[in-house]
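Just below is one structure, and these are the notes that go with it.
The values are calculated or read from the model by the stated rules, or taken from the named source; none is laboratory data. Being a predicted model, the structure only gives us computed values, none of them experimental. Here the Cβ is made from the backbone with ideal geometry for all residues, glycine too, and neighbour counts use every protein chain on show. All accessible areas refer to the heavy atoms of the entire protein, side chains included, with ligands and DNA or RNA removed. Shrake-Rupley method; radii C 1.70, N 1.55, O 1.52, S 1.80 Å.
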Protein chains: 2
Amino acid sequence: MPSKKLKISDIGEKRLIKRLLSRSQKSIPHSPFFKRFFNEISLESLEDDAALLPIGEQYLVITSDLLFQPSHFPPEMSPQEIGMKSVIVNLSDLAAMGAQPLGIIMSMGFPPDLLLEDFDSLVEGILKTCEKYDIALLGGDTNQTDDITLCGTALGMVDRDKVLMKHGAQEGDLVAVTGVLGSAAAGFEVLLNYERFKDALNPKEKYEILKNALKPNARVKEGLGLSEGKATSCTDITDGLVSEMGEIIAASDQAIGMLFYEDKIPIKPIIEVVSRISDKSVREMVLYYGEDFELLFTISPQDFSSIQDKMEVHVIGEVTSSGRIEMIDKEGRTNLLVPRGYEHLRS
Amino acid sequence: MPSKKLKISDIGEKRLIKRLLSRSQKSIPHSPFFKRFFNEISLESLEDDAALLPIGEQYLVITSDLLFQPSHFPPEMSPQEIGMKSVIVNLSDLAAMGAQPLGIIMSMGFPPDLLLEDFDSLVEGILKTCEKYDIALLGGDTNQTDDITLCGTALGMVDRDKVLMKHGAQEGDLVAVTGVLGSAAAGFEVLLNYERFKDALNPKEKYEILKNALKPNARVKEGLGLSEGKATSCTDITDGLVSEMGEIIAASDQAIGMLFYEDKIPIKPIIEVVSRISDKSVREMVLYYGEDFELLFTISPQDFSSIQDKMEVHVIGEVTSSGRIEMIDKEGRTNLLVPRGYEHLRS
């Protein structure tokens with residue numbers, strides 16, 4: 001019997017990346033120039049939200065995200081919002097490392113029949129977001145593709161002793177997030193089932209709920225505050241809370257776990273309205289959907305007291321030594337959760 | 001009569017980029033951090049092969065290229081060759097700035113039915129090329145797309161007083177290239193019309209001609225040599241010789257032109273064989289097709305004498321004050337050439 005050849009969708013994005021990285025660890029440059037410039041190269045950053053290059057007392061932080069219209073931009077997203085999101089996803093990765101963003105380069109692919117006015121709006125969205133976060137558009141090029149494809153590469157800087165990584169969480173640390181969760185998921189739910197929601201929500205509610213999906217923000221200031229405030233680990237929530245908890249646990253060199261309380265997770269009341277009308281539970285939207293671009297971090301209780309007045313933060317639980325992710329639900333029961341979230345290339 | 005709405009293909013890639021850049025020049029960050037970090041930001045680099053960020057006495061050079069299977073990878077290109085090319089195009093941009101490459105980040109999109117063995121070969125191609133040029137793979141992520149989409153972002157460093165830009169050519173400078181032209185064009189010609197060439201070329205010839213299209217090199221060492229050797233301007237030939245000449249002329253703040261001799265352009269004899277069998281003249285392949293990834297540069301006659309023994313270089317003409325591109329053909333006639341080359345998004 002001939003063995004069936006494996007497709008990449010048989011193993012999924014996360015294992016693909018591990019496969020890629022396990023191979024790349026072997027190839028570190030040997031040139032004297034490389035060694036002169038980088039007294040060390042931080043390969044641990046390969047599995048983090050962004051790559052780190054040591055320059056003097058600082059790290060240059062570099063992140064790159066490829067967004068592809070059919071996967072990342074719902075049809076309702078305007079060209080300006082598409083441009084905005086292409087910058088935000090990269091800034092969010094820099095925020096997760098505690099970096100001060102400096103600039104972005106945009107490599108863009110467009111279908112030839114894209115209207116010039118839509119191109120202009122998309123560029124407007126990119127530039128407005130650059131202005132809002134006070135970064136420079138450092139370069140850009142355009143190519144021809146079948147669907148809009150935007151690859152942003154953002155650069156930032158952070159002091160080497162202040163960089164936030166996925167690893168570093170300690171037993172006894174608090175687990176916290178920078179804002180409400182599940183709102184983007186609720187927004188996408190409304191977009192995907194618009195007929196069902198058309199008359200159930202008033203225009204103000206519709207605007208409020210769609211805003212989270214269509215016009216996300218990056219928690220840059222919060223990332224800087226967490227870096228100053230000695231958070232022990234951090235990542236941005238792009239694939240869902242539980243999935244990102246799994247990332248922080250896996251990145252630790254200790255056998256840590258997390259325990260959190262369902263009723264401590266901050267949500268907007270309106271997502272309960274969305275949940276009632278849709279098939280999705282609030283829990284599902286809050287735990288397993290990402291795109292809110294909030295930061296998930298750990299911090300010692302002492303250090304937490306010094307940051308809590310400086311920004312919006314919500315403690316949801318603590319770092320344990322269980323090796324597991326446990327949720328105390330609203331009824332007081334302990335639930336064992338398995339990291340899962342949105343994953344590309346997973347059939 | 002309602003006016004027809006313009007599509008981006010009505011204006012083409014080059015004008016789109018100018019449109020993008022003219023808007024972005026207005027948005028330079030104002031934050032004290034930005035000003036502390038960058039005592040200046042070199043916006044002139046926006047129209048060059050890569051972006052420049054001043055760090056101390058050096059520039060960090062950043063370039064990003066988006067490659068899309070239907071446009072950039074002929075079906076005959078193996079997954080390993082696809083991986084190689086995705087690194088080479090970026091290294092070529094760094095070479096054109098005279099920069100020492102340091103590392104690359106790859107954002108990749110794959111169709112879910114891609115075979116795992118092809119994914120592995122592609123990654124192998126990326127890593128082999130990183131090893132060959134002694135750079136690090138600094139990070140990578142994967143996404144789901146319909147066609148293979150590779151966005152590489154490469155970083156390099158160059159001393160600030162040695163950076164090579166498109167501007168800077170002076171009247172009286174020599175115009176030169178680092179190697180033979182038209183070979184990649186001939187290779188693509190064979191690939192596109194394989195039936196016609198199948199029996200006309202022997203295997204050795206086929207290998208020789210296809211190699212240029214399928215396994216290009218980046219002129220990194222030559223770029224470094226030209227940077228040390230005081231070339232006055234430089235770019236890599238991705239869109240064709242005449243098109244790149246037009247770029248150097250347009251980038252100059254003086255009214256310069258170029259005059260060159262058709263019979264001085266270095267070619268491989270085999271492209272004459274390809275030309276005889278195909279409909280394409282040697283002249284067309286040499287002047288208007290790119291992808292050879294050779295460097296086109298200008299340099300003073302005195303400085304040229306110090307570099308000519310250190311690398312392969314071919315003087316093909318000189319910088320004039322005509323404002324035009326003139327070619328003296330093999331018959332001794334002067335031809336006025338208009339920059340055109342491969343351009344994306346041009347209908």
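Among the residues of the stretch B:184-221, which ones are acidic (Asp, Glu), surrounded by fewer than 24 Cβ atoms within 10 Å (Cβ to Cβ) and touching a residue at least 60 places away in the same chain (Cβ under 8 Å)?
Quick first cut of the stretch B:184-221, residues acidic (Asp, Glu) only: B:189, B:195, B:199, B:205, B:208.
Add one more test, that the residue is surrounded by fewer than 24 Cβ atoms within 10 Å (Cβ to Cβ), and what stays is B:195, B:199, B:205, B:208.
Once the filter is applied, which keeps residues that are acidic (Asp, Glu), surrounded by fewer than 24 Cβ atoms within 10 Å (Cβ to Cβ) and touching a residue at least 60 places away in the same chain (Cβ under 8 Å), the stretch B:184-221 yields B:Glu205, B:Glu208.
Say we look at the stretch A:109-119 and pick out the residues that are open to solvent by less than 40 Å² (accessible area, probe 1.4 Å) and at the interface with another protein chain (Cβ under 7 Å from one of its Cβ atoms); which of these is nearest to A:Gly83 (Cα to Cα)? Give the steps one after another, and end with the answer.
We begin by selecting, within the stretch A:109-119, every residue open to solvent by less than 40 Å² (accessible area, probe 1.4 Å); these are A:109-111, A:114, A:116, A:119.
Of the ones still in play, those that are also at the interface with another protein chain (Cβ under 7 Å from one of its Cβ atoms) are A:109-110, A:114, A:116, A:119.
Numbers: A:Gly109: 12, A:Phe110: 12, A:Leu114: 14, A:Leu116: 14, A:Phe119: 9 Å.
Step by step, filter the stretch A:109-119, then rank; the result is A:Phe119.
Taking into account only those residues within the stretch A:138-173 that are touching a residue at least 60 places away in the same chain (Cβ under 8 Å) and polar (S, T, N, Q), which is nearest to the other protein chains (Cβ to nearest Cβ)?
For the stretch A:138-173, the residue satisfying everything is A:Thr153.
Can you name the condition, by its number, that A:Arg324 falls short on among (1) under 20 Å from A:Gly182 (Cα atoms); (2) open to solvent by 60 Å² or more (accessible area, probe 1.4 Å); (3) basic (Lys, Arg)?
Every condition holds for A:Arg324 apart from (1).
From the list B:Ile271, B:Ile307, B:Ile265, which one is crowded, with 19+ Cβ neighbours inside 10 Å and within 15 Å of B:Glu228 (Cβ to Cβ)? Please lay out each step first, then the result.
On the way: B:Ile271 fails: within 15 Å of B:Glu228 (Cβ to Cβ); B:Ile265 fails: within 15 Å of B:Glu228 (Cβ to Cβ).
None of the other options fit; the residue is B:Ile307.
Are any residues in the stretch A:169-180 out of contact with any His (no Cβ under 8 Å at 6 or more places or on another chain) and closer than 10 Å to A:Ile299 by Cβ, and if so, which ones?
A:Ala169, A:Gln170, A:Asp173, A:Leu174, A:Val175, listed by residue number.
Would you mind stating whether A:Ala50 is within 8 Å of chain B (Cβ to nearest Cβ) and either under 20 Å from A:Asp236 (Cβ atoms) or modelled with pLDDT of 90 or more (or both)? It would help to see each step written out before you state the result.
Numbers: within 8 Å of chain B (Cβ to nearest Cβ): yes; either under 20 Å from A:Asp236 (Cβ atoms) or modelled with pLDDT of 90 or more (or both): yes.
It is true that A:Ala50 is within 8 Å of chain B (Cβ to nearest Cβ) and either under 20 Å from A:Asp236 (Cβ atoms) or modelled with pLDDT of 90 or more (or both).
Out of contact with any Leu (no Cβ under 7 Å at 6 or more places or on another chain), of a type in the set (A, V, I, L, M, F, W, C) and either open to solvent by less than 10 Å² (accessible area, probe 1.4 Å) or more than 30 Å from A:Asp239 (Cβ to Cβ) (or both): which single residue out of B:Leu102, B:Leu122 fits that description? Steps first, answer last, please.
Working: B:Leu102 fails: out of contact with any Leu (no Cβ under 7 Å at 6 or more places or on another chain).
The match here is B:Leu122.
Among the residues of the stretch A:128-137 satisfying the criterion of being facing chain B (nearest Cβ under 7 Å) and more than 27 Å from B:Ser71 (Cβ to Cβ), which is most open to solvent (accessible area, probe 1.4 Å)? Spell out how you get there, then give the answer.
Within the stretch A:128-137, the first condition is being facing chain B (nearest Cβ under 7 Å), and the residues that meet it are A:130-131, A:134-137.
The next check asks that each one be more than 27 Å from B:Ser71 (Cβ to Cβ); those that pass are A:130-131, A:134-136.
Numbers: A:Cys130: 0, A:Glu131: 122, A:Asp134: 36, A:Ile135: 3, A:Ala136: 3 Å².
Only one residue fits best here, namely A:Glu131.
Restricting the stretch A:222-262 to residues that are at pLDDT below 95 and polar (S, T, N, Q), which is most open to solvent (accessible area, probe 1.4 Å)?
Among those that are at pLDDT below 95 and polar (S, T, N, Q), it is A:Gln254.
The conditions are (1) aliphatic (A, V, I, L, M); (2) open to solvent by less than 10 Å² (accessible area, probe 1.4 Å); (3) at pLDDT below 90, and A:Ile17 fails exactly one of them. Which is it?
Of the numbered conditions (1) aliphatic (A, V, I, L, M); (2) open to solvent by less than 10 Å² (accessible area, probe 1.4 Å); (3) at pLDDT below 90, the odd one out for A:Ile17 is (2).
Does the stretch A:71-89 include one or more residues that are within 7 Å of another protein chain (Cβ to nearest Cβ), surrounded by fewer than 24 Cβ atoms within 10 Å (Cβ to Cβ) and at pLDDT below 95? First the steps, then the outcome.
Filtering the stretch A:71-89 for residues within 7 Å of another protein chain (Cβ to nearest Cβ) gives A:71.
If we keep only those that are surrounded by fewer than 24 Cβ atoms within 10 Å (Cβ to Cβ) as well, we get A:71.
Then keep just the ones that are at pLDDT below 95; that gives A:71.
Taking every residue of the stretch A:71-89 in turn, at least one turns out to be within 7 Å of another protein chain (Cβ to nearest Cβ), surrounded by fewer than 24 Cβ atoms within 10 Å (Cβ to Cβ) and at pLDDT below 95.
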